[in-house]
Amino acid sequence: MRAIRVASAALLGVTALALCAPAAVAEGDTDITPFGFSVVPSTVAPGGQVALVLERDGGCRGTATVTSGLFDTVIIPPRRNLSTVAVDWDARPGAVYQVAFTCDGASGTTGLTITGGHPDGPTPTPLRPDRGVHAGEGGSLADFDAKELGIGALLIAGSIGAAYHFSRRHAGDEGA
């Protein structure tokens, strides 16, 4: 019976891996580069912001340059993976602009589509993987309340007392 469960789990895992494999290919790369790159989001309104993401998989160690007709040239320093830039307000809606990433002599391009109209609100801020985790706040005693702890202690003590009382009472009934 255990072999059937193991085989089912293995088959499910292989199927999930096979279905996800095409998604692992770098999105939008038109050239083969030793590093990955992307523009997030890939569709933006004129005046909106995009994140230029560089995946330094060992293929890009130096300074990266990102160029396009939508914004001024952006330089990504060696130890950074991301830069945010605003798209020009005069970008043509419906057009697809090429964004070129160049690093250590290799370059690749991807498309950035411009939607119609202007951004209605703030553009979503992309994740910043080069900043690390903001941790250390909160915890189990973040909102320490003595009144609530006291009430909880009384409830626990009352439950233990009631359990002891009823266990003694039933034990006395059986012995009589």
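Summary table below
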| read-out | value |
| --- | --- |
| Conditions (1) modelled with pLDDT of 85 or more; (2) within 22 Å of the chain's Cα centre (by Cα): number failed by T113 | (2) |
| Sole exception among (1) among the hydrophobic types (A, V, I, L, M, F, W, C); (2) under 21 Å from S38 (Cβ atoms); (3) at pLDDT 65 or above for A162, by number | (2) |
| Contacts under 8 angstrom Cβ, first residue in the stretch 56-80 being closer than 21 Å to R92 by Cα and among the charged types (D, E, K, R), partner part of a strand (DSSP E or B) and open to solvent by less than 60 Å² (accessible area, probe 1.4 Å), 6 or more apart | D72/V85 |
| Pairs with Cβ under 6 Å, 6+ apart, first in the stretch 87-109 and at positive phi, second part of a loop (DSSP other than H, G, I, E, B) and not basic (K, R) | D104/C60; D104/G62 |
| Among the candidates G111, G58, residue that is of a type outside the set (D, E, K, R), in a loop (DSSP other than H, G, I, E, B) and under 19 Å from I32 (Cα atoms) | G58 |
| Filter pass, H134 being at pLDDT below 90 and within 25 Å of the chain's Cα centre (by Cα) | yes |
| Restricting the stretch 30-55 to residues that are outside any strand (DSSP E or B) and of a type in the set (S, T, Y), the residue that is farthest from W89 (Cα to Cα) | T33 |
| Conditions (1) at pLDDT 85 or above; (2) open to solvent by 60 Å² or more (accessible area, probe 1.4 Å): number failed by V25 | (1) |
| Residue check, A91 at pLDDT 90 or above, surrounded by 13 or more Cβ atoms within 10 Å (Cβ to Cβ) and not acidic (D, E) | no |
| Every residue from the stretch 62-80 that is of a type outside the set (A, V, I, L, M), farther than 18 Å from G105 by Cβ and open to solvent by less than 50 Å² (accessible area, probe 1.4 Å) | S68, F71 |
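The values are calculated or read from the model by the stated rules, or taken from the named source; none is laboratory data. This one's a predicted model, so the numbers in the text were calculated from it and none came from an experiment. We place every Cβ from the backbone using ideal geometry, glycine too, and count neighbours over all the protein chains shown. Accessible surface is based on the protein model in full, side chains and every heavy atom, while ligands, DNA and RNA are left aside. Shrake-Rupley method; radii C 1.70, N 1.55, O 1.52, S 1.80 Å.
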